[in-house]
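Okay, so here's the structure we're looking at.
The values are calculated or read from the model by the stated rules, or taken from the named source; none is laboratory data. Just so you know, these numbers come straight off a predicted model, no measurement behind them. Please note: Cβ atoms are built from the backbone with ideal geometry, for glycine as well, and neighbour counts cover all protein chains shown. What goes into the accessible areas is simple: the full protein's heavy atoms, side chains included, and nothing from ligands, DNA or RNA. Shrake-Rupley method; radii C 1.70, N 1.55, O 1.52, S 1.80 Å.
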Amino acid sequence: MTDLSQRLRSEAASLDQQDPLKHILNDFLLPEDCIYLDGNSLGPLPKAAKTRAKTVVEQQWGDDLISSWNKHQWIDLPAQVGAKIAPLLGAEASQVIACDSISVNLTKVLCAALHKCDKSLVLSQSDNFPTDLYMVQGLSDLLGKSKCELVCIDEDEILSSIDKYAEQAAVLMLTHVNFRSGRILDMAAITEAAHRHDILVIWDLAHSAGALELDLNGCNVDYAVGCTYKYLNGGPGAPAFVYAAKRHLNDIRQPLSGWMGHKKPFEFTQKYEAGQGVRAFLAGTPQIISMSVLDASLDIFNGLSAQQIREKSVSLLGFFEACFDALFLPNDGFICITPSEPCQRGSQLAYSHPDAYAICQALIDKKVIADFRAPNILRLGFSPLFLRHQDMLEAALRLKVVMENKLYLNSEYQVKHAVT
Ligand SMILES: *Cc1c(COP(=O)(O)O)cnc(C)c1O
């Protein structure tokens with residue numbers, strides 16, 4: 001055991017030494033001794049975000065008051081932030097805008113897509129993140145099934161389902177990286193297959209943006225949405241983003257036609273006229289404080305390529321698995337439900353275990369922050385910018401202590417919290 005951990009330790013040290021992103025580690029503030037494997041759910045605090053929060057509240061809001069809309073270009077933030085996200089998506093600046101949440105933005109892009117055809121079915125994977133399905137259900141209740149009806153399909157049968165529903169399907173709405181298993185769907189092939197039947201395609205990039213290489217323009221994606229509080233480290237409740245293909249930009253019709261999406265909001269006219277391009281997805285006043293914090297956080301990505309980020313993520317996952325395989329025995333009860341091929345998975349590993357919830361709680365007590373996803377999944381996220389290979393080994397070693405001593409059987413770890 002000591003020989004083994006010694007060997008893994010020197011391997012980790014050498015991988016960390018060669019890490020081309022090691023200079024970024026220092027841009028984040030994390031508690032002492034904490035191994036944060038939940039950056040896929042809430043990214044940690046960048047130093048620059050903390051500084052910007054103080055500036056935007058104290059100087060901009062506090063001192064400059066309403067003049068900040070012009071003086072500090074608050075009014076430009078949704079487009080400015082969109083432009084910073086665009087290169088990570090394989091998109092141009094004019095195609096991305098920051099606003100609202102994924103849930104709200106999904107409603108907008110669903111309506112924009114449904115508006116363009118007279119078919120009504122919206123296909124989505126049955127184990128999609130629930131809010132995605134809920135939003136289609138809500139829209140269906142509002143518009144009626146003749147205009148919008150949800151059909152859940154199996155993630156293993158997407159291509160055959162496209163053929164099956166070719167005549168009736170208007171929209172295919174998929175999450176690119178499954179939030180439980182971490183499995184990646186083939187964006188290029190699926191989008192192309194759907195387009196062959198005139199089905200518009202919406203991708204949810206919640207677990208992709210900031211962790212994977214994306215090529216939305218190259219894949220001809222129609223619309224995409226994503227959040228910024230996961231791998232983009234924008235902070236709790238940070239605004240989401242919307243992407244639209246260039247071919248749709250001059251013709252965006254969405255029902256949340258608020259004044260910020262109007263062609264000329266400060267003319268205060270009575271009739272709504274949609275603004276130019278992706279701006280038409282704006283509805284109300286932007287969340288300036290959180291958008292400013294996000295704007296500062298995104299500067300970390302400046303000068304990094306999505307390929308470098310992806311390579312670091314693949315290396316971290318591979319090394320964690322090597323540690324896990326070396327330290328754990330099959331009878332510890334973990335079953336990895338994440339695909340084993342690096343090209344088929346995002347930046348997380350998910351293990352099912354009958355005691356997953358209690359194990360996760362015991363692990364958190366050991367300062368390894370992971371999360372639990374019902375019904376029985378321990379989910380470990382490997383957000384690549386602030387983690388080191390030595391953290392992978394240390395996390396595996398602390399998990400081993402939890403398992404060997406059966407610490408998870410402790411009654412305090414059985415109590416379910418409101419947020420898991
Ligand atoms: C995290 C996540 C969301 C969150 O949606 P919000 O409306 O921004 O809270 C949506 N979809 C997926 C796939 C997610 O993982």
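The table that follows gives values for the structure above.
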{"read-out": "With all protein chains modelled, accessible area of Tyr229 [1.4 Å, Å²]", "value": "70 Å²"}
{"read-out": "Which of Trp203, Trp69, Trp61 is most accessible, then next, and so on - probe 1.4 Å", "value": "Trp61, Trp69, Trp203"}
{"read-out": "Degrees separating the helix 288-298 axis from the principal Cα axis of the chain, which is the longest one", "value": "50 degrees"}
{"read-out": "Cα Rg, Dmax, segment 211-352, angstrom units", "value": "20.7, 69"}
{"read-out": "Between 0 and 90°, nearest 10: helix 356-365 axis offset from the chain longest Cα axis", "value": "80 degrees"}
{"read-out": "Whole-percent carbon and sulfur share, accessible surface of segment 286-345, 1.4 Å", "value": "54 percent"}
{"read-out": "Compactness of the chain - radius of gyration and Dmax, Cα, Å", "value": "22.3, 75"}
{"read-out": "The chain - percent relative contact order, Cα under 8 Å, separation 6 or more", "value": "22 percent"}
{"read-out": "1.4 Å probe accessible area per residue over segment 372-412, in Å²", "value": "37 Å²"}
{"read-out": "Heavy-atom SASA rank of Asp132, Asp127 (probe 1.4 Å, accessible area, largest first)", "value": "Asp127, Asp132"}
{"read-out": "Per-residue [θ]222 nm for the chain (sum of -39500 (n - 2.57) over DSSP H runs n ≥ 4, rounded to 500)", "value": "-10500 deg cm²/dmol"}
{"read-out": "Accessible surface of segment 134-208 [probe 1.4 Å, protein heavy atoms]: carbon and sulfur percent", "value": "47 percent"}
{"read-out": "DSSP beta bridge pairing in the chain, given as percent antiparallel to the nearest 5", "value": "55 percent"}
{"read-out": "Rounded to 10°, Cα long-axis angle of helix 306-327 versus longest principal axis of the chain", "value": "30 degrees"}
{"read-out": "Cut-off under 5 Å, modelled amide H: who pairs with Gln348 long-range", "value": "Phe382"}
{"read-out": "Listed residue pairs exceeding 27 Å between alpha carbons, taken from Lys108/Lys264; Lys312/Lys367; Lys50/Lys400; Lys312/Lys406; Lys47/Lys366", "value": "Lys50/Lys400; Lys312/Lys406"}
{"read-out": "For segment 1-147: accessible area per residue (Å², 1.4 Å)", "value": "50 Å²"}
{"read-out": "Average accessible surface area per residue within segment 171-285, 1.4 Å rolling probe, Å²", "value": "38 Å²"}
{"read-out": "Charge dipole magnitude, Cβ of K and R +1, D and E -1 - the chain, Cα centre, debye nearest 20", "value": "820 debye"}
{"read-out": "Whichever lysines have a C-alpha closer than 24 Å to that of Lys54, once near sequence neighbours (fewer than 8 apart) are set aside", "value": "Lys71, Lys84, Lys230"}
{"read-out": "³J(HN,Hα) computed for each position of segment 36-44 - Karplus, 6.51 cos²θ - 1.76 cosθ + 1.60, integer Hz, glycine/proline x", "value": "9, 9, 10, x, 7, 10, 9, x, x"}
